[in-house]
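Following: one structure in structure tokens, then a few remarks.
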Amino acid sequence: MILNISSLDTFYGETQALFDVSLGVAPNEVVALLGPNGAGKTTTLRSILGLTKPRRGRVTFDGADVTDWPTHEIAKAGIGWVPDDRRLCPTLTVARNLAIAIKRTRFRAWSIKETCAIFSPLEYLMDREAENLSGGEMQMVAIARALIGSPGLVLFDEPSQGLAPKIVQDVLETIRQLKAEGIAVLIVEQNAETALSVADRAYILDLGRVVWSGEAAALRDDPALRRRLLGA
Ligand code: ATP
């Protein structure tokens, strides 16, 4: 596993959001983390990134125990993040948003030119301020920004949120491309169908606990199981 989280308990103040959560992502694997509103999906990502430190449990990435590392060190170790609200610098151009995200890790480095080859529309957007982009364009820039950071693993938080179906398909295609480039992916999604269409394996969270894990195909191909676990 390139990412292993074991027995995480994470709190906001005295409120416990995660209970004994364990999951793993293998190199070159796409894993979906599914579950209803408030299940603890975003909190799991925040715990991995060190944004909300778990009170108990460990996070190991690429063989190192990163549980107590500050977020910027975790990013430098090779974990990229595509947040649900994109978080681009609005007044900077796309080129500048990408340039400030360049990092060297032990994983493959991506130049802006190579990144543009994967996200072809980017080339034409380079001089635009991020605040003037459409939602779909912003999402593409957010994914490109994660790639520019030379990740071994990219975490996606609700990548389909607020996007038109055609753009969602483009985002799923870029996730397949990341996988083809040997990058591991963990996707948090409320929309199970979207995530399951690219995932190899899946975990389902409910009320802060893992209630199911297995092959994505098992959920994809079994509507009754999906309904029972996800209500969808
Ligand atoms: P959603 O899809 O609605 O974002 P989620 O599965 O990502 O749901 P989380 O956002 O991780 O769920 O929330 C898990 C629990 O933690 C919820 O009960 C939520 O109310 C609580 N929570 C999340 N963020 C905070 C916070 N900043 N302060 C206090 N409680 C929080």
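Would you mind counting up the charge near residue 64? Only other residues with Cβ under 12 Å from its Cβ, with Lys and Arg at +1 and Asp and Glu at -1.
Once positives and negatives cancel, what remains is -1.
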**Taking the chain and dividing mean pair separation by its residue count, relative contact order in percent (alpha carbons under 8 Å, at least six apart)** = 27 percent
**Item:** Accessible area per residue in Å² at 1.4 Å probe, computed on the chain
**Value:** 45 Å²
**Prompt:** Going by average Cβ neighbours within 10 Å, how do the peptides 95-102, 220-227 rank, with the highest at the top?
**Reply:** 95-102, 220-227
**Prompt:** For the range 130-198, max minus min Cα coordinate along each principal axis, in Å, sorted largest first?
**Reply:** 30, 28, 16
**Complete:** The aspartates and glutamates whose Cα lies under 17 Å from the Cα of residue 41, excluding any fewer than 8 residues away in the same chain, are 9, 20, 84, 85, 157, 158, 189, 193, 206
**Fill in**
Among 165, 219, 147, the residue whose Cα sits farthest towards the positive end of the charge dipole of the range 136-219, when +1 is placed on the Cβ of each Lys and Arg and -1 on the Cβ of each Asp and Glu, is 147
**Request:** Please sort 45-57, 127-139 by packing, taking for each peptide the average over its residues of neighbouring beta carbons within 10 angstrom, highest first.
**Result:** 45-57, 127-139
**Asked** Among 103/179; 53/166; 76/113, which pairs are too far apart, with a Cα-Cα distance over 28 Å?
**Response** 53/166
**Fill in**
Among beta bridges assigned by DSSP with both residues in the chain, the antiparallel ones amount in percent, to the nearest 5, to 55 percent
**the chain, helix-only ellipticity at 222 nm - DSSP H runs n ≥ 4, -39,500 (n - 2.57), divided by all residues, nearest 500** = -9000 deg cm²/dmol
**Fill in**
Magnitude of the Cβ-charge dipole (Lys and Arg +1, Asp and Glu -1) of the range 64-139 about the Cα centre, nearest 20 debye, reported as 340 debye
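The values are calculated or read from the model by the stated rules, or taken from the named source; none is laboratory data. All values reported here derive from a predicted model rather than from experimental measurement. Quick reminder, even Gly has a Cβ in these numbers, built from the backbone with ideal geometry, and neighbours come from all protein chains shown. These area figures cover heavy atoms from the full protein model, side chains too; ligands, DNA and RNA do not enter into them. Shrake-Rupley method; radii C 1.70, N 1.55, O 1.52, S 1.80 Å.
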